[in-house]
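Undergrad: Before anything else, here's the structure in question.
The values are calculated or read from the model by the stated rules, or taken from the named source; none is laboratory data. All values reported here derive from a predicted model rather than from experimental measurement. Positions of Cβ are backbone-derived with ideal geometry, glycine not excepted, and every protein chain shown enters the neighbour counts. Areas reflect the complete protein model, heavy atoms only, side chains present, ligands, DNA and RNA absent. Shrake-Rupley method; radii C 1.70, N 1.55, O 1.52, S 1.80 Å.
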Amino acid sequence: PLLLTTLLTLTLPLPLSRAQTLRNNLRRVSGYPFAPHSRINPLSWPATPDSEQTPGGKRLRAGRRGPLPPPSAGDIRKHSSDASSRVPQKPSSSGKSLEKSPVRSLARAAASLALLAASSSFAILGPTLPAQAVLSNPNAGIARSATAALRRAVPVVNEQVGDIQAELERAQYLLRIPIRKPWAQMSSIAQQLLTKIETGKSSIVSKLPESSAALAKANIDEMEQALDGFISMMRQQDADKGAIFLNRALTATSELEMVQSPKLPYSIPPKYASLPRLQGRARVQIEVEGVKKPLQIILDGYSAPLTCGSFLDNIGDGIYLNSDISIADKTTVFIKPQKDMNLKAKEKGQRPLELRMKDEFLPDYRQPLDITNGDYPALPLSIYGAVAMAHGGDDTLNAPAEFFIYKFDRASMGGLGGLSFEEGQFSVFGYVAEDYDSKEALETLQTGARIKDISVTEGLDKFVKTTS
């Protein structure tokens, strides 16, 4: 792209007709959709339909772009020779031929370098595949924090509230722009949301039972107050305080969505209908020997109801008391129950690998995700403090009781696109809470320590042990 930009700059001194002719010749040789002020976009190539068979039937995905065929050496030589013949060969006003003009020679040299770069990139690297382009794109939509992942994991059952959350997420993205922030645009987004909330408040609350209406009104009031504060900070161009108000609005929106989804908004497959499940969110507190502060874990039953249910069932049966803690490579904290307790957990039977794709309504079972094709999980493993079940001898099954906490560091552990190489292979069912005490407790865990107590502090009413 740098060479192509240089070529455009060098052709500016030429008359418009000659410059356009040179660009047209380059477009014929390289195959790029080349035009002034345009950027090469490999994702604009024609798409071909693609689909994948899943346990729930056929799920259509976004089209997969096919690579452009690289030009052959013969085509390059042919078009290169034709390019020079198409340029008008009129003598200059000074009486010298255009062929000897230094501007003309410099432009032709730049064109040769651009053609060589284009053909070399095709021959050596090949065109950029769509999956690689998405994974290397920081805007791929993968949550990078536990708070963002849990917020986006709540199922959207009210389209109006879902649109509000999407606009808040867009404002948050604009706020992260490092320089020349679009203050007026962000303020306009917030103002439009305030109008939408005010006009749709009654319809949102009217669809809820009386027991939940008061909590929904409180969340809506919090959203309005946070948006007012955000607009004020945008007028003052204060990004730090604006981010605080925006996070408040996002949190209130997520809590409103949870009020609208008191239980799972989908059915568990009949094959697993009798297994324990968590219908919503829960919080677990773990106390470890030698660690002063407890470790808080937030479980997400919306994305992994059966995995969370199995975990809570094990807690109720005392499986994790006195469990051994071991740390591998300073990045993975394994919690393994005592031998007799592990055998007790095995008697309950195998649990399936459970993964819910981003933007999907319900999870898939016994099917790892293909990250290279854009199958991103709703609960990414590539977040510090991700809690997941170990495999149970088969990559499509979870271990009966053993789980681990992943201390992911994007700078040292991130692969393509900053994601873990194991992304999409384990059932992530929650995250370590992002408060200071929990993070400090996680950092002070040592190999050889044992769990002295583990309990459910919130959400036990959403746990269903068995169903008929």
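Undergrad: Regarding Ser427, is this residue free of Cβ contacts under 8 Å to residues at least 12 places away in the same chain and either open to solvent by 60 Å² or more (accessible area, probe 1.4 Å) or under 25 Å from Gln338 (Cα atoms) (or both)?
TA: Spelling it out, it is not the case that Ser427 is free of Cβ contacts under 8 Å to residues at least 12 places away in the same chain and either open to solvent by 60 Å² or more (accessible area, probe 1.4 Å) or under 25 Å from Gln338 (Cα atoms) (or both).
Residue-by-condition table, conditions (1) within 29 Å of Gly448 (Cβ to Cβ); (2) at pLDDT below 95:
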site: Ile286; (1), (2): yes, no
site: Glu289; (1), (2): yes, yes
site: Ile297; (1), (2): yes, no
site: Ala304; (1), (2): no, no
site: Cys308; (1), (2): yes, no
site: Asp313; (1), (2): yes, no
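Undergrad: Another question, if that's okay. Quick check on this structure: which one of Ile197, Ile220, Ile244 is more than 14 Å from Gln160 (Cα to Cα) and within 29 Å of the chain's Cα centre (by Cα)?
TA: Working: Ile197 fails: more than 14 Å from Gln160 (Cα to Cα); Ile220 fails: more than 14 Å from Gln160 (Cα to Cα).
When all the criteria are applied, what remains is Ile244.
Undergrad: On to the next question. Do you know which residues across region 387-420 are hydrophobic (A, V, I, L, M, F, W, C) and modelled with pLDDT under 90?
TA: Taking region 387-420 first, the residues hydrophobic (A, V, I, L, M, F, W, C) are 387-390, 397, 399, 401, 403-405, 408, 411, 413, 416, 419.
Passing the criteria: Ala411, Met413, Leu416, Leu419.
Undergrad: Go through region 400-451 residue by residue and tally those that are β-branched (Val, Ile, Thr) and assigned to a loop (DSSP other than H, G, I, E, B). Quick ask: steps written out before the conclusion?
TA: Applying the first criterion (β-branched (Val, Ile, Thr)) to region 400-451 yields 405, 428, 432, 444, 447, 451.
So of that shortlist, the ones also assigned to a loop (DSSP other than H, G, I, E, B) come out as 444, 447.
Number of matching residues: 2.
Undergrad: Right, next: Which one of Ile325, Ile297 is touching a residue at least 60 places away in the same chain (Cβ under 8 Å) and either closer than 30 Å to Glu257 by Cα or assigned to a helix (DSSP H, G or I) (or both)?
TA: Matching residue, one of Ile325, Ile297: Ile297.
Undergrad: For region 127-139, state whether one or more residues are modelled with pLDDT of 80 or more and open to solvent by less than 70 Å² (accessible area, probe 1.4 Å).
TA: So the first thing to find is which residues in region 127-139 are modelled with pLDDT of 80 or more, and the list is none.
Scanning region 127-139, I find no residue that is modelled with pLDDT of 80 or more and open to solvent by less than 70 Å² (accessible area, probe 1.4 Å), so the answer is no.
Undergrad: Suppose we filter Val428, Val456 for residues that are modelled with pLDDT of 95 or more and over 15 Å from Gln296 (Cβ atoms); which single one remains? Before you say what the answer is, go through the steps one by one.
TA: On the way: Val456 fails: over 15 Å from Gln296 (Cβ atoms).
Of the residues listed, the single one that is modelled with pLDDT of 95 or more and over 15 Å from Gln296 (Cβ atoms) is Val428.
Undergrad: Those residues that are modelled with pLDDT of 85 or more, among the basic types (Lys, Arg) and surrounded by fewer than 16 Cβ atoms within 10 Å (Cβ to Cβ), I need them from region 196-213; list them, please.
TA: Answer for region 196-213, where residues must be modelled with pLDDT of 85 or more, among the basic types (Lys, Arg) and surrounded by fewer than 16 Cβ atoms within 10 Å (Cβ to Cβ): just Lys196.
Undergrad: Within region 245-293, count every residue that is hydroxyl-bearing (Ser, Thr, Tyr) and not in a helix (DSSP H, G or I).
TA: Going residue by residue through region 245-293, those that are hydroxyl-bearing (Ser, Thr, Tyr) are 251, 253-254, 261, 266-267, 272, 274.
Now drop any that are not not in a helix (DSSP H, G or I), which leaves 261, 266-267, 274.
Result for region 245-293: 4.
Undergrad: Go over the candidates Gly280, Gly349 one by one and state the one that is at positive phi and more than 26 Å from the chain's Cα centre (by Cα).
TA: Gly349
Undergrad: Give just the number: which of (1) closer than 26 Å to Pro178 by Cα; (2) in contact with a helix residue (DSSP H, G or I) (Cβ under 8 Å, 6 or more places away or on another chain); (3) open to solvent by 70 Å² or more (accessible area, probe 1.4 Å); (4) not acidic (Asp, Glu) does Ile231 not satisfy?
TA: Answer for Ile231: the failing condition is (3).
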